[in-house]
Each structure stands twice: as structure tokens, then as C-alpha cells.
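J.: Please read through the structure below; I'll follow up with questions.
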Amino acid sequence: MATSRVSKAPALPTARSPLKGPADIPPTPGQEHVHSVVRAMSLLKAFDGGDEVFLSLTELARRTGMHKPTALRLARTLALSRFMVQREDGAWRLGPAAGWIGSRYQAQFDIGAVIEPVLRQLSIKTGESASFYVHEGNLRSCLMRCDGPNARPDHPRSGELLPLELGAPGRTILAALGEPGDLYEEIRRQGFHWARAERSTGAAAVAAAVRGGQGTVLGAISTSGPVERLTPAVLRKLAPATVAAAKQLGVALGGVPATALRATWHP
């Protein structure tokens with residue numbers, strides 16, 4: 001079995017998955033619960049992370065299945081503890097207390113414990129190096145890397161900033177973000193991209209985008225090695241395992257925002 005070593009940027013506490021609310025938890029025989037608390041939690045869950053930051057009382061009632069007077073009474077109760085805030089026009093948003101609770105939940109987890117097993121498994125399966133890149137603007141950075149048994153000594157180091165428009169991981173991220181052009185259309189169609197000697201003359205890689213909750217582009221996973229070993233045929237053979245690892249990592253990271261991942265390498 002191949003051995004590997006992992007290098008990573010400083011770990012960021014973060015959540016594995018979106019907060020599971022009481023409505024999702026099946027009842028346990030013999031255990032009682034306070035129904036009003038369950039309904040209050042469903043109000044907080046109504047803010048599902050979409051584009052709508054503010055929700056009207058009518059929309060809150062629709063999403064929770066409550067009557068509007070009930071939804072209003074519970075929202076006002078939550079507002080007393082700053083879990084919800086009401087705008088002058090009557091619309092509601094999550095309050096600062098909700099953010100504080102979320103940050104405390106995230107602090108329980110080490111992001112390395114989520115990413116490292118996926119990269120290690122991919123490296124063992126392929127016999128090559130596996131990396132996870134995050135992005136912001138026109139840059140990408142290697143957040144974590146699991147070296148294969150014959151890794152190149154001049155590979156990108158954790159935290160090193162690289163251009164998005166060069167290399168398989170960067171182009172894969174651009175395609176996932178909707179970059180126009182025939183090349184990026186092809187990447188979106190096949191679900192991966194491989195490149196040889198594009199960013200570095202001696203390196204080759206195949207990469208797939210990692211998407212989190214609601215399709216958010218978190219970054220890309222790549223399988224990489226020297227061009228002498230990773231021919232076009234070999235890279236295409238490595239693509240399915242790389243795509244599967246990217247999907248697995250997307251599920252594992254769940255609702256983690258891209259901004260949380262970027263914070264680990266930001267100057």
C-alpha cells in the first residue's frame with residue numbers, strides 16, 4: 001500500500017454540515033420536548049442560506065407552516081435574545097446571537113479532520129499526490145496536500161498563491177464559477193480538467209471542482225505528479241477517482257462557506 005504524508009495550512013475551526021434543526025430529528029420514545037421551542041427553531045431554519053437575507057412574516061409563516069400570529073409571536077420572542085431582528089418595514093432577518101451560536105458550533109471542528117482523510121484516500125488509491133485548492137479573486141492557494149510516494153520536490157506548498165488561469169485546479173475552479181469560453185464549457189461538460197506542463201514545466205494534474213451547500217464553489221481537488229509518469233491517458237484514467245473525491249469532500253464540508261476556507265490563507 002502506498003504511503004503518504006500530509007501538509008496543510010493552519011487549521012480553521014468550521015462545521016461539517018448545516019445545522020440540523022429539531023424538525024429534522026425523529027421523536028424518541030419516552031423523551032418529551034417543548035413544542036414551542038421546536039417551532040421557534042423552525043423559524044431560524046427558514047433562513048436557508050439563499051439569496052434572501054430578509055423574510056416577510058408571510059414568507060416565514062409559509063416556510064414553517066405556521067399561522068402568521070404564531071410566527072409573529074415566536075419571532076418577537078426570539079428577537080428579545082437577538083436571535084432575530086425586525087426591520088422597520090416588518091421584514092425579519094437572523095440576529096447576532098444566531099451568528100454567535102453558529103461560530104461556537106463551528107469551533108468544535110478542525111477542518112483538517114474533514115479534508116485530510118479524503119486527500120489521503122485519493123493519494124493511496126492513485127499512488128499520486130492529492131491537493132485541495134481554495135480561491136479568491138484571480139488567485140488560488142493549496143490549503144492542504146497529501147504527498148504520494150514519489151512526489152516532486154518542487155510542488156506547490158501549502159499557502160502558496162498561484163494564478164487561477166494556469167493549471168488544472170485553477171481552470172477547473174474558473175469553469176465552476178461560470179467562466180465563458182469553449183475550454184470552460186468543455187470542463188463543465190466532462191466534470192474535470194487535466195493539464196500537463198502548463199503552470200510548471202515538469203508537473204501534470206487532473207482536477208475536479210468541490211461544491212458545498214447549494215452548489216457553492218469551495219475550490220478544487222487535484223491529483224498530480226510528474227509529466228513523465230502522468231501521460232494524457234493516465235490523467236484520464238485518474239479523473240473518475242478525482243471527481244469522486246471532490247464530490248465526497250463537498251458533502252463532508254456541507255454548508256461551510258467559501259469565505260471560511262479562504263480565511264486560512266489570507267494575508
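The values are calculated or read from the model by the stated rules, or taken from the named source; none is laboratory data. Computed from a predicted structure; not experimentally measured. Glycine gets a Cβ as well: all are built from the backbone with ideal geometry, and neighbour counts include every protein chain shown. Surface accessibility is based on the protein's heavy atoms, side chains included, excluding ligands, DNA and RNA. Shrake-Rupley method; radii C 1.70, N 1.55, O 1.52, S 1.80 Å.
J.: Output the residue which, of all residues in the range 206-254 that are within 13 Å of THR126 (Cβ to Cβ) and in contact with a Pro (Cβ under 7 Å, 6 or more places away or on another chain), is surrounded by the most Cβ atoms within 10 Å (Cβ to Cβ).
T.: Filtering the range 206-254 for residues that are within 13 Å of THR126 (Cβ to Cβ) and in contact with a Pro (Cβ under 7 Å, 6 or more places away or on another chain), the one surrounded by the most Cβ atoms within 10 Å (Cβ to Cβ) comes out as SER222.
J.: If you go through the range 55-93 one residue at a time, how many are closer than 16 Å to VAL38 by Cα and polar (S, T, N, Q)?
T.: 3
J.: Further, regarding this structure: Of the residues in the range 39-97, how many are surrounded by 15 or more Cβ atoms within 10 Å (Cβ to Cβ), among the small types (Gly, Ala, Ser) and touching a Gly at 6+ places or on another chain (Cβ under 9 Å)?
T.: Qualifying residue count, the range 39-97: 3.
J.: I would also like to ask the following. Under 8 Å between Cβ atoms, which residue pairs at least 6 apart in sequence (or on different chains) link something in the range 65-87 that is closer than 11 Å to LEU43 by Cα with a partner that is in a loop (DSSP other than H, G, I, E, B) and open to solvent by less than 60 Å² (accessible area, probe 1.4 Å)?
T.: What qualifies is LEU74/MET66; LEU78/GLY95; PHE83/GLY95; MET84/GLY95.
J.: Can I ask one more? Just checking, does the range 166-175 include any residue being surrounded by 18 or more Cβ atoms within 10 Å (Cβ to Cβ), touching a Ser or Thr at 6+ places or on another chain (Cβ under 8 Å) and either under 16 Å from VAL234 (Cβ atoms) or modelled with pLDDT under 90 (or both)?
T.: yes
J.: Among the listed residues PHE83, PHE54, identify the single one that is at negative phi and in contact with a Leu (Cβ under 9 Å, 6 or more places away or on another chain).
T.: PHE83
J.: Any residue at all in the range 149-170 that's of a type outside the set (A, V, I, L, M, F, W, C), touching a helix residue (DSSP H, G or I) at 6+ places or on another chain (Cβ under 8 Å) and within 22 Å of LYS247 (Cα to Cα)?
T.: No, the range 149-170 contains no residue that is of a type outside the set (A, V, I, L, M, F, W, C), touching a helix residue (DSSP H, G or I) at 6+ places or on another chain (Cβ under 8 Å) and within 22 Å of LYS247 (Cα to Cα).
Matching residues to (1) farther than 16 Å from PRO169 by Cβ; (2) hydroxyl-bearing (Ser, Thr, Tyr); (3) in contact (Cβ under 8 Å) with a residue 40 or more places away in the chain:
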{"position": "GLY215", "(1), (2), (3)": "yes, no, no"}
{"position": "ILE221", "(1), (2), (3)": "no, no, yes"}
{"position": "PRO226", "(1), (2), (3)": "yes, no, yes"}
{"position": "VAL234", "(1), (2), (3)": "yes, no, no"}
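J.: In addition: Name the residues in the range 162-189 that are of a type outside the set (A, V, I, L, M), free of Cβ contacts under 8 Å to residues at least 24 places away in the same chain and not in a loop (DSSP other than H, G, I, E, B), would you?
T.: Passing the criteria: ASP182, TYR184, GLU185, GLU186, ARG188, ARG189.
J.: In this structure, does ARG199 turn out to be under 30 Å from PHE47 (Cα atoms), surrounded by 17 or more Cβ atoms within 10 Å (Cβ to Cβ) and modelled with pLDDT under 95?
T.: no
J.: Another question, then. Pairs, please: C-beta under 6 Å, at least 6 apart or cross-chain, first residue under 12 Å from MET84 (Cβ atoms) and in the range 94-106, second among the charged types (D, E, K, R) and at pLDDT 80 or above?
T.: Listed pairs, sorted by first residue: GLY95/ARG82; PRO96/ARG82; ALA97/ARG82.
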